[in-house]
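Please treat every number below as a calculation from the coordinates, not as lab data. Since the model is a prediction, treat every value here as computed from it, not as a measurement. Here Cβ is always computed from backbone atoms with ideal geometry, including for glycine, and neighbour counts include all displayed protein chains.
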Amino acid sequence: MKCPHCSGRTAVGLDTHSGGFTSEESPVKECGACGLVWRIKMEKGAAKLDIIKQVI
Ligand SMILES: [Zn+2]
């Protein structure tokens, strides 16, 4: 998946194993180019961007 901030394609999944992901939340992704951390949440059937660590 492309980074929503810089459109970089080097995003990696963060394998946290800490929160117990549900089917409604995708694993956290981190962009290798700009450092943005985000995930996609499903809300009422629509994908919603959830920025966890914003970059300047
Ligand atoms: Zn990025």
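The modelled label-to-label distance between Lys44 and Met1, using points 7 Å beyond Cα along the C-beta direction, is 2.0 nm. Sorted on the mean count of surrounding Cβ atoms within 10 Å across their residues, most packed first, peptides 43-52, 28-37, 1-10 read 28-37, 1-10, 43-52.
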